[in-house]
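Chemist: Got a structure for you, questions after.
The values are calculated or read from the model by the stated rules, or taken from the named source; none is laboratory data. This structure is a prediction, so every number in the text was calculated from the model and none was measured. Glycine also receives a Cβ, built like all others from the backbone with ideal geometry; neighbour counts cover every protein chain displayed.
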Amino acid sequence: MNPQQPEARVRLHFSGEADPTTRQLYASLEVQLSGDWKTYWRSPGEAGIPPEIDWRTEEPQGSSNIENVEWLWPVPERIEMLGLHTLGYKNGTVFPLLIQVKDLSQPVAINARLRLSSCTTVCVLTDYEIQLEFTPTDLKADPQASFLIDKALSRVPTNMPDTGLSAESVVWDKENNKVVVTAQSETGWEKAVDVIIDGQEEITFSLPEVTIVGNQLQAIMNASSWLGEYNLSGESVTVTLLNGDSGLEKTLPVEEGTAISLSGGSGAASLIVLLGLALLGGLILNLMPCVLPVLGMKLSSVLHASGQEASLTRKQFLSSAAGIIFSFWLLATFLWILKLTGNSIGWGIQFQNPWFIGFMVVVTALFAANLMGMFEIRLPSFLSTKLATAGDNSTAGHFVQGMFATLLATPCSAPFLGTAVAFALSTNSFNLFAIFTALGIGLALPYLLIAARPSLLKWMPKPGQWMINLRRILALMLLVTSLWLISLLQVFLPVYLLLIIAVIPTLMILHALLTSLMPQSGKGLLLLPSLFLSMAIVLFGAWSTGFFTPEQSTSDNLTWKTLNEQEIASSVAKGKVIFVDVTADWCITCKANKIRVIDRDPTNSLLQQDFVVTMRGDWTRPSEEINAYLQKNGRFGVPFNIIYGPGAPEGIPLPVILDHDTVTAAIEKATSM
């Protein structure tokens, strides 16, 4: 016993038996730990230090007459602490030691030092001096020690064929970062099955996903390294296979290949389900606020098509559908290239690029102007870009409309596409493009429906003044979209420049609106009032949304800390509950969650409690740290909310769309021990 760690006791036992052939003594190191204290296995997992003995055989005053010591490791248990997965022994264990001496008839001197790491919420590293002298042939049999050693030996996995277990292969799927272990059991598999991989000091392996078909087992797990990049191909690992009371330990080479599901149909079935979710999500996306401005172009197309031939209508609507699907393929290709080059990937990351946002500002403003009839005259033939008439009734115009609908859809697609998109971004290239194709078909379904049955247009109301008024309303909706996109640029450009930029499309649309309502006044006379009205609208909108004070854009009564994983662990250790909000200025769903739940009671009052720590990760701009945090939690887009606490050190992920009851229940669960 060491007074520096009164919760631990260490004892060295000898059975008294000596094998004259191998000159081997059977011993054991008994470690007793009180309460919730634990120590670690040879590969502790995500944290911890395994115990070790320095026998000091090379020192003049060290151990003598010892040729070799084999330390055997009983089966560990998986222990979760503060969100970390470790392998070790609660309340201690008994480690068998096979001590080979040089001469059984000569005295053995042991002058060793044991270094033992023991942990609860804190860890203590303790040294124990072990000093002993004896002659092996003089040792007396100790039945109690023999029983203790034999019991410990029975818990050590072996490579003996009589266990009925065989580990067959270890395959590393580099593209998907999956390690696959296949194994066989002659007697079948019990419920208590576990597979552990170790043998690579810098690499840790996650909890296995075990699939059993007949006598065959497949375990799939992720690998990670604190060094960042790693290469398992050609390396060797130790596989520990546990099946009830039977255990197998075997060293196998790692082969590079593709992870193929053992169950065969389950992987395909999962893909079919996700394709269905993507299809449904794309269809529902037509009703989301981000896509509503594009409704103007859709209705305009329908109204113009109501009196034309069915073949032309079919061609135009198929062009719109093609534009939607093509743009989803472009997005998939962009993310695929990022994935191949090792860059960050995520759904909606194009809104982190100021050039993309600027392009969308120009496009939305031009479409709004087109709806107001400002581009009725074609551009000079030498330009031939037809940009101003991109929203007209031509085939190319319908194609562009479809692409535009997709680009606007991404920031508010999270509520319906989160699962499908997360799977697409984390799987192989084929599944990535399959999921994005299903998304495109879902969003394009209304177009495809009209293309299949042009007679549906007969149900549309007859043209009249209401069409002109509708075009005006939809043009204003597109103007609001342009102003919202301009507001996203505040992290890239100074405020005064953004105000000037915002006035330009506002003046353009309002002047066209006033001119259409009061044609007798003349365009020149309406220019000045249009300018004053535009400036008033822009300034009022900027003031009411906190545009001038972006640092105060979060809830005034909540103190948000910057997302920090290390601080999360330390706060949980202190008994705190941590509410994490990963958001972005361009995320519509994030803002809806903030207005509907985070800023309102009872959630807001609950988050103000002293035991709650609020952390925010801002993904408005690209951030490798936040992207890594999202992917670590199986997410590839925002919003993402998760709650940690003493009762949930690994965290409780919340649904994409928050509600008061769910947040309250998660906080209560995270608070309890």
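Chemist: Restrict the check to the stretch 327-342 and report whether at least one residue is at pLDDT 70 or above, among the polar types (S, T, N, Q) and over 30 Å from Arg453 (Cα atoms).
Modeler: Checking the stretch 327-342: at least one residue is at pLDDT 70 or above, among the polar types (S, T, N, Q) and over 30 Å from Arg453 (Cα atoms).
Chemist: Could you list all residues from the stretch 187-213 that are part of a loop (DSSP other than H, G, I, E, B) and in contact with a Leu (Cβ under 8 Å, 6 or more places away or on another chain)?
Modeler: Trp189, Ala192, Gln200, Glu202
Chemist: Does Gln131 satisfy being polar (S, T, N, Q) and either under 30 Å from Thr57 (Cβ atoms) or surrounded by fewer than 16 Cβ atoms within 10 Å (Cβ to Cβ) (or both)?
Modeler: Judged against the criteria, Gln131 is a match.
Chemist: Follow-up question, since we're still on this one. Could you give every pair whose Cβ atoms fall below 9 Å, whose first residue belongs to the stretch 196-221 and is farther than 20 Å from Ser43 by Cα and assigned by TED's automatic domain parsing to the domain that holds Thr251, and whose second residue is crowded, with 22+ Cβ neighbours inside 10 Å and among the β-branched types (Val, Ile, Thr), counting only separations of at least 6 or pairs across chains?
Modeler: Final answer for the pair search is Val210/Val195; Leu217/Val181; Leu217/Val195; Gln218/Val180; Gln218/Val181.
Chemist: For Glu77, state whether it is free of Cβ contacts under 8 Å to residues at least 40 places away in the same chain, more than 21 Å from Ser146 (Cβ to Cβ) and of a type outside the set (S, T, N, Q).
Modeler: yes
Chemist: Return yes when Val156 is aliphatic (A, V, I, L, M) and under 26 Å from Gly247 (Cα atoms) and no when it is not.
Modeler: So Val156 passes the test.
Chemist: Got a sec? Which strands (runs of 3 or more DSSP E) wholly within the stretch 1-81 have at least 3 residues that are out of contact with any Lys or Arg (no Cβ under 7 Å at 6 or more places or on another chain)? Steps first, please.
Modeler: On the way: elements: 8-19, 24-33, 38-45, 52-54, 66-71, 77-81.
So the answer is 8-19, 24-33, 38-45, 66-71, 77-81.
Chemist: Every residue in the stretch 530-570 that is modelled with pLDDT under 85, β-branched (Val, Ile, Thr) and in a loop (DSSP other than H, G, I, E, B), please.
Modeler: Thr545, Thr549, Thr554
Chemist: Give the residues of the stretch 18-41 that are surrounded by fewer than 16 Cβ atoms within 10 Å (Cβ to Cβ) and farther than 18 Å from Glu129 by Cα, sorted by residue number.
Modeler: Hits for the stretch 18-41 are Asp19, Pro20, Thr21, Thr22, Ser34, Gly35, Asp36.
Chemist: Does the stretch 596-618 include one or more residues that are touching a Ser or Thr at 6+ places or on another chain (Cβ under 8 Å) and modelled with pLDDT under 85?
Modeler: no
Chemist: Now for a different question. When you check Pro161 against the structure, is it of a type outside the set (Ser, Thr, Tyr) and modelled with pLDDT of 80 or more, yes or no? Can you show your working first?
Modeler: On the way: of a type outside the set (Ser, Thr, Tyr): yes; modelled with pLDDT of 80 or more: no.
When the stated conditions are applied, Pro161 does not pass them.
Chemist: Can I ask one more? Condition first: loosely packed, with under 15 Cβ neighbours inside 10 Å, outside the structural domain of Thr204 (by TED's automatic domain parsing) and either among the acidic types (Asp, Glu) or in contact with a Cys (Cβ under 8 Å, 6 or more places away or on another chain) (or both). Can you find one or more residues in the stretch 96-107 that meet it? Reasoning before the result, please.
Modeler: The first filter runs over the stretch 96-107 and keeps only residues loosely packed, with under 15 Cβ neighbours inside 10 Å, leaving 100, 102-103, 105-107.
If we keep only those that are outside the structural domain of Thr204 (by TED's automatic domain parsing) as well, we get 100, 102-103, 105-107.
Subset that is either among the acidic types (Asp, Glu) or in contact with a Cys (Cβ under 8 Å, 6 or more places away or on another chain) (or both): 103.
Yes, that holds for at least one residue.
Chemist: Looking for whichever is at positive phi, modelled with pLDDT under 60 and exposed (fewer than 14 other Cβ atoms within 10 Å of the Cβ) here; the options are Gly228, Gly264, Gly234. Which one fits? If you could, list the steps in order and put the result at the bottom.
Modeler: On the way: Gly228 fails: modelled with pLDDT under 60; Gly234 fails: modelled with pLDDT under 60.
None of the others qualify; the one that does is Gly264.
Chemist: Considering (1) in contact (Cβ under 8 Å) with a residue 24 or more places away in the chain; (2) more than 28 Å from Glu202 (Cα to Cα); (3) touching a strand residue (DSSP E or B) at 6+ places or on another chain (Cβ under 6 Å), say which one Gly35 fails and leave the rest.
Modeler: Here Gly35 meets the rest and fails (3).
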